[in-house]
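Worksheet for the structure shown next.
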């Protein structure tokens, strides 16, 4: 459900009101008054839920197994019919919102946006503080409740709501349920959109800002107030310009600035889309050396814009984009997941109903004037330039998300900053070689229930599953390049990651064009080599594999490309160090128990690596490598054999022995012992996680840990977050370590110490008078049935099923029995057995404490 009102519609003296109301709707309604009713129902039946508050919309969403949709819709509809909005819950959630706010105080993105707000027109709602905290929501609960009720009655009416329900039932059946449960929402009248002033006061540009980030990052952001994208023009000009500017191929703006050692990344986006105006942002992630050349870099951007105006606005590019957006629509139109319903609910506010599904994927006939009109706004006289540098000088501090900054006035481009920049012939994207016609969907006569072995030559083992999908001709590919030995040392780990970064840099332009053409591809490190996961048309995959294999085996590693790859990897790992503490704690079990390494350890080793080491490492990897692969989708056996031949002929050269596949190593731990690992974090919050690993991998152990994670999460969240207000992030989650099941309980708090949080987690698990598994058999059966439905739904979705089969192959299960065995193990579990396992085994397992 998307409400056509958000933070921009709340009273200026009550920042965070829309956000508070979003929280409140989950905490009980007149029909279902218990604060935990909706969360417990959704999660107890294998579903998930969330909500977001934006400037002009508030969205609520959930997913649940189809058999439970009716009762979930009944509860969900009551959010918009009769929420309780109790004063005790208002006091409670005000503290939660304050904790959210404090958790983001060190977030550089919030601080950057906060500095931009200081130069926006104060009359524009985008200039306000919108998140809310204890101060802005500090009125007495009874006063705050009156304001909440007034806001809800004004904006939460049927005329201002857009609902999307997607599922496997018929449209008639879904419509009957919607009419039954949502009919009592007050009708109301459509709210007129407020007329906003320009984002920046007239005459205030060009303007430069310098600010100091919390963390070590170097950026130049070139922002331009522009007409907001009009949903009804069906031209997508800002997307077209963004793709031209951010092209990564040889000779591009990106490539030329990287060769100078100034740039690590570039992207373009539309910010503060508050019709009739928005900000178009060109974001350049720089190296420390690049910070000394911001004027030259700005000049290069304007030169590239002139190049686009002269030669980039072409009918053939428009026709190519029409093909791509049409294929994108074909893919999304048959989806039914959470992201689909969230997106469609948003689009219903922007497009006529008849165009809501198609609108973002509609590109009408070529109108070059539209793009020329957009380019007329991307000029130096309309520039708001932000220089983000730890060494920046500052003379003032922004409020709410405090950031030292100063206004530096005009930031004029520097002529000749890049050699020959006035006449630089920046390369624009060539025709996209990955744009291909979608082949007809093959009949399902050859579809196989499980993958079958296509090729086994010892070094190369490829599995194949014909899998025709309705209206989707894609094929999923999983591929492991298996090294002779597991990469368990710090040096091998870093060299593997660096080799992947080098590959991505060497093929940057082609990988970018592949993604634009709908080919999803990611390279990652696994414990014994490199993994490629890709999804696209068979012909696209063949081209990608040809290029990847050719680059990996034949392209020399030059000192320039080596240095660029290292800079990108350094920037990525440094950024990871400043992620939210709870996210980093979720990664620690793999780093500390799976023989991984911290960002600090990897960065220190990366700084010492030389090009010849990477060249030697690549040679050793390819000299004794094996290949394991799985391909599944709309491809016939000859197509599958062709892809397999490309892999073996290009990557495995000469006669060799079968590669020795080894399982990933896991650190041995002693039952009943406590282990402590501390995370170096820059954020002042305390964050604590307790990780409980299973002693072995089996379907029964996985069933126990998966079901326990669901049971414990609801009790853990309600007791520590709702009742005791211990922190903003409170979760219990199933977290396997390689193929070994595991369970993690985590709390992040802005006020309590690590020691206190550990005490509270320990008490939750072991208090004899209030066991977290103290529930009746009927409620337990609901949780078990919910997990079974979730597992069944995953195995019915082609992408999830292929991923499950890939996991089976990694574990040596070539008969693909694990999914069935897991479902059976879950179905056989009883409450008494799980309670006995909890007391006698889980609580006696190793306790791995992870904390800031």
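Counting only the Cα atoms, segment 207-409 fills a convex hull of 152 Å³ per residue.
Per residue and in Å³, how big is the convex hull formed by the alpha-carbon atoms of segment 593-718?
Numbers: hull volume 32.6 nm³, N = 126.
That works out to 259 Å³ per residue.
Using 0.36 nm per residue, how much length does the chain from residue 833 to residue 135 gain when fully extended, once their Cα-Cα distance is taken away?
On the way: separation 698, 0.36 × 698 = 251.28 nm, distance 4.90 nm.
Difference between extended and current length: 246.4 nm.
Relative contact order of the chain, taken over Cα pairs closer than 8 Å and 6 or more residues apart, is 13 percent.
Subtract the Cα-Cα distance of residue 662 and residue 215 from 0.36 nm times their separation in residues, and report this length gain in nm to one decimal.
Taking residue 662 through residue 215 to full extension adds about 157.0 nm, to one decimal.
Given the Cα atoms of segment 95-174, and with Rh set as the inverse mean 1/r over their pairs in the Kirkwood sense, what is Rg to Rh to two decimals?
Numbers: Rg = 18.5 Å, Rh = 16.4 Å.
For segment 95-174, the value is 1.13.
Considering only beta bridges that DSSP places wholly inside segment 674-851, some 80 percent are antiparallel. If r is the Cβ-Cβ distance from residue 322 to residue 179 and R0 is 51 Å, what FRET efficiency results, to the nearest 0.05? After rounding to 0.05, the efficiency reads 0.85.
How much of the calculated P(r) for segment 242-361 lies past 24 Å, in percent of all Cα pairs?
Numbers: 3329 of 7140 pairs.
Distances greater than 24 Å cover 47 percent of the Cα pairs.
Taken over the C-alpha atoms, segment 2-182 has Rg and Dmax values of 17.4, 52 angstrom.
Give, in whole angstrom and from largest to smallest, the semi-axes √(5λ) of the equivalent ellipsoid of segment 1-92, with λ running over the eigenvalues of the Cα gyration tensor. Please list the in-between numbers first.
Details: eigenvalues 114, 47, 21 Å².
That gives 24, 15, 10 Å for the three semi-axes.
Taking 0.36 nm per residue of sequence separation and removing the Cα-Cα distance, the residue 579/residue 488 pair yields an extension gain of 30.3 nm. Across every direction, the projection of the convex hull enclosing the Cα atoms of segment 454-505 has a mean area of 5.9 nm². Shown here is the pair-distance distribution of segment 558-611: with all Cα-Cα distances grouped in 10 Å bins from zero up to the longest one, the shares run 22, 47, 25, 7 percent. Annotation: the antiparallel percentage among DSSP beta bridges lying fully within the chain is about 85.
For segment 674-851, what ratio Rg/Rh do Cα atoms give with a Kirkwood hydrodynamic radius?
Details: Rg = 17.1 Å, Rh = 17.4 Å.
Over the Cα atoms of segment 674-851, Rg/Rh equals 0.99.
If each DSSP helix of 4+ residues adds -39,500 (n - 2.57) and the sum is divided by the residues in the chain, what number results at 222 nm, nearest 500 deg cm²/dmol? Mind showing how you got there, number by number?
Details: 27 runs with 344 residues, N = 852.
Rounded to the nearest 500, the figure is -12500 deg cm²/dmol.
Remark on segment 446-651: Rg and Dmax equal 17.9, 53 Å (Cα only).
Ellipsoid semi-axes for segment 724-826, based on the Cα gyration tensor and the rule √(5λ), read 33, 18, 13 Å when sorted largest first. Taking segment 268-299 and a reference point 7 angstrom along Cα→Cβ of residue 682, the backbone N atoms nearer than 20 Å belong to 283-292.
No lab work stands behind these numbers, since they all come straight from the coordinates. Everything quoted here is computed from the prediction, not taken from an experiment. Note that each Cβ is placed from the backbone with ideal geometry, even for glycine, and that neighbours are counted across all protein chains shown.
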